[in-house]
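Novice: Please find one structure pasted underneath; my questions will follow.
The values are calculated or read from the model by the stated rules, or taken from the named source; none is laboratory data. Here the structure is a predicted model, which means the values were calculated and not measured. In case anyone asks, the SASA skips ligands and DNA or RNA and just uses the protein heavy atoms, side chains included. Shrake-Rupley method; radii C 1.70, N 1.55, O 1.52, S 1.80 Å.
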Amino acid sequence: MSKTIDELFQAPAQITKIETMSDGGVRVVIDTQELTDDEELAKLFRLRKGDLGYFLFKGSEIKNDDLPDEKEALEEGESKTPSQRLRNALYVYWKNVKGGTGDFNGFYRETMEKYISNVKEKLPPKSED
């Protein structure tokens, strides 16, 4: 069942620290701007320390159209979309082959741009009708 934006907590925020943990997890520290909307502040304080949830981050406000419909994205029996699988494979490649140095997001974007350019080069030229 898909959630709507109204059911999620959302606030302008900045990732201020990312560190790996001994159990293989990653700790992400996030600082919000001043929260003045009482409803959003109440949503935040209803979240309980230790509860398991999911983290979604975007460089701008998240809208309903931004949320993928998992039923459409996944084929029957799959647990990840093809794009999630590719991103995970690129992460393993970056970590094991490239040594995991630098910024993975930068590596990911650069690699994806290469893939995109490669596909575009194979497209037939646009007709100028």
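Novice: Where a Cα-Cα gap under 20 Å defines reach, which lysines qualify for Lys17, not counting those fewer than 8 residues away within the same chain?
Specialist: Correct list for Lys17: Lys49, Lys58, Lys95.
Novice: Still on this model: Tell me, what HN-Hα J-couplings in whole Hz come from the Karplus equation 6.51 cos²θ - 1.76 cosθ + 1.60 at θ = phi - 60° for each residue of segment 55-63, using x for Gly and Pro?
Specialist: Ordered by residue, 3J(HN,Hα) equals 9, 10, 10, 9, x, 8, 4, 8, 10 Hz.
Novice: Now for a separate question. Assuming a ≥ b ≥ c are the square roots of the Cα gyration tensor eigenvalues, decide whether segment 84-129 counts as rounded (a/c under 1.5), prolate (otherwise, with a/b larger than b/c) or oblate.
Specialist: Values: a/c = 3.82, a/b = 3.02, b/c = 1.26.
Taking the square roots of the gyration eigenvalues as a ≥ b ≥ c, segment 84-129 is prolate.
Novice: Accessible area of Leu44, 1.4 Å probe, to the nearest 10 Å²?
Specialist: Using a 1.4 Å probe on the heavy atoms, I get roughly 50 Å².
Novice: Not counting ligands, DNA or RNA, and with a 1.4 Å probe, what is Asp51's accessible surface area in Å² rounded to the nearest 10?
Specialist: 90
Novice: Output wanted: per-residue J couplings in Hz (rounded whole) for segment 35-48, from phi through Karplus 6.51 cos²θ - 1.76 cosθ + 1.60, θ = phi - 60°, x for Gly and Pro.
Specialist: With the stated coefficients, segment 35-48 comes to 9, 10, 7, 4, 5, 5, 5, 5, 4, 4, 6, 6, 5, 10 Hz.
Novice: Follow-up question, since we're still on this one. For the full complex of protein chains and a 1.4 angstrom probe, list Glu34, Glu40, Glu113 by accessible area with the highest value first.
Specialist: Working: Glu34 160, Glu40 40, Glu113 110 Å².
Per-residue accessible area, sorted high to low, gives Glu34, Glu113, Glu40.
Novice: Kindly sort Phe57, Phe45, Phe104 by accessible area of their heavy atoms, largest first, with the probe set to 1.4 Å. Before the final figure, lay out each step's value.
Specialist: Values: Phe57 105, Phe45 160, Phe104 25 Å².
Order by accessible area, largest first: Phe45, Phe57, Phe104.
Novice: I'd like the Karplus ³J(HN,Hα) series for segment 85-102: coefficients 6.51, -1.76, 1.60, θ = phi - 60°, whole numbers in Hz, and an x wherever there's a Gly or Pro.
Specialist: So the Karplus estimates, Gly and Pro as x, are 5, 5, 4, 4, 5, 5, 5, 4, 4, 4, 5, 8, 8, 8, x, x, 8, x Hz.
Novice: On a 1.4 Å probe surface of the protein chains, which of Met21, Met112 comes out largest in accessible area, and what is the full order? Kindly include the intermediate steps, with their values, before the conclusion.
Specialist: Working: Met21 70, Met112 45 Å².
Accessible-area ranking of Met21, Met112, largest first: Met21, Met112.
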